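Participant: Structure below; questions to follow.
The values are calculated or read from the model by the stated rules, or taken from the named source; none is laboratory data. The structure presented is a predicted model; accordingly, all values stated were derived computationally and were not measured. Cβ placement follows ideal geometry from the backbone for every residue including glycine, while neighbour counts extend to all protein chains displayed. To get the accessible areas, we keep the full protein, side chains included, count just its heavy atoms, and leave off ligands, DNA and RNA. Shrake-Rupley method; radii C 1.70, N 1.55, O 1.52, S 1.80 Å.
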Amino acid sequence: MDLGFEREAVAARTTAIVEDHLQREAPLLPILHDIQSEFGHIPEAALRLISEMLNLSRAEVHGVMSFYHDFRREPAGRHVLKICRAEACQSMGGEALADGLRAALGLDWHETTADGRLTLEPVYCLGLCSCAPAAMLDNALYGRLDEATLRDVVAEAGR
Ligand code: FES
């Protein structure tokens, strides 16, 4: 896609989304949700425009984005694996499991494999605490994970 056209398209769509929410009492979160749902992430050009239109600093908008783990600055890979890092999963070895996977894939949290196949995200409770440790690949939930089953889940993302 032509980059000039892409920038214009982001600006036009972002402007329309912000205008749709301007009358709300706290418009920033719904705007960010709509932008991410439109583009799959929050493009830099959109972030700049949102801060201008809401009369906020970029740091304020960025602060809200980084507080909520679901907002992305870059497009995600074709699959997103969310590994639970909340208490029940931690107490059942979830952190060690995640550390092993991160080392095996050479990824840190929020990073994507070089082939664009998989993005690794932390999540803080998937409602599967009694089946900890838990993870979610795209919309599919997995519980009682160990190294082997987590490897199988990651292999699913290769199909
Ligand atoms: S703490 Fe991991 S699913 Fe609830």
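Participant: Tell me the carbon and sulfur percent of the accessible area for segment 79-158, rounded to whole percent, probe radius 1.4 Å. Present the calculation step by step, with values, prior to reporting the outcome.
Facilitator: Values: 2050 of 4010 Å².
C and S fraction of accessible area: 51 percent.
Participant: Distances over 22 Å make up what percent of all Cα-Cα pairs in segment 79-158?
Facilitator: The share of Cα pairs beyond 22 Å in segment 79-158 comes to 11 percent.
Participant: In square nanometres, what is the average projected area of the Cα convex hull of segment 1-67?
Facilitator: Details: hull surface 17.3 nm².
Result: 4.3 nm².
Participant: In whole percent, what relative contact order does segment 1-67 give with Cα contacts below 8 Å and a gap of six or more residues? Please report the intermediate quantities before stating the final value.
Facilitator: Values: 40 pairs, mean separation 21.3, N = 67.
In percent, rounded to a whole number, it is 32.
Participant: With angles folded into 0 to 90 degrees, how steeply does helix 28-39 sit against the dominant principal axis of the chain? Use alpha carbons for both and round to 10.
Facilitator: The two axes meet at around 80 degrees.
Participant: Considering only protein heavy atoms, what is the solvent-accessible area of GLU74 at a probe of 1.4 Å, reported in Å² to the nearest 10?
Facilitator: The accessible area comes out at roughly 130 Å².
Participant: Any idea how far the Cα center of segment 10-88 sits from the one of segment 132-152, in Å?
Facilitator: 28 Å
Participant: As a test of the formula, what do you get for the chain when each DSSP H run with n ≥ 4 contributes -39,500 (n - 2.57) and the sum is divided by the residue count, at 222 nm and rounded to the nearest 500 deg cm²/dmol? It would help to have the intermediate numbers written out before the result.
Facilitator: On the way: 7 runs with 79 residues, N = 159.
Taking each H run of at least 4 residues, the total per residue is -15000 deg cm²/dmol.
Participant: Using unit Cβ charges (K, R positive; D, E negative) and no other charged atoms, how large, in debye to the nearest 20, is the dipole of segment 79-158 about its Cα centre? The partial results should precede the final answer.
Facilitator: Values: 6 positive and 12 negative charges, 24 e Å.
Computed about the Cα centre, the dipole is about 120 debye.
Participant: Follow-up question, since we're still on this one. Over segment 25-95, give the accessible area per residue in Å² for a 1.4 Å probe, as an integer.
Facilitator: Details: 3890 Å² over 71 residues.
Result: 55 Å² per residue.
Participant: Tell me, what % of the accessible area of segment 1-67 is carbon and sulfur with a 1.4 angstrom probe?
Facilitator: On the way: 2150 of 4100 Å².
Carbon and sulfur atoms account for 52 percent of the accessible area of segment 1-67.
Participant: Tilt of helix 44-54 relative to the longest C-alpha principal axis of the chain, in degrees (0 to 90, nearest 10)?
Facilitator: 60 degrees
Participant: Rounded to two decimal places and with Rh computed the Kirkwood way over Cα pairs, what is Rg over Rh for the chain? The partial results should precede the final answer.
Facilitator: Details: Rg = 17.9 Å, Rh = 17.2 Å.
Ratio of gyration radius to Kirkwood radius for the chain: 1.04.
Participant: Then there's this: To the nearest 10 square angstrom, what accessible area does ARG85 show with a 1.4 Å probe?
Facilitator: Looks like 60 Å² after rounding.
Participant: Charges at C-beta only: +1 for Lys and Arg, -1 for Asp and Glu. How large is the resulting dipole of the chain about its Cα centre, in Debye rounded to 20?
Facilitator: That gives a dipole near 180 debye.
Participant: Among all cysteines in the chain, which have no other cysteine Cβ under 4.7 Å from their own Cβ?
Facilitator: Unpaired cysteines in the chain: CYS125, CYS129, CYS131.
Participant: Oh, and also: Can you tell me the orientation of helix 94-105 relative to the chain, as the angle in degrees between its alpha-carbon axis and the longest Cα principal axis, to the nearest 10?
Facilitator: Once rounded, one gets 80 degrees.
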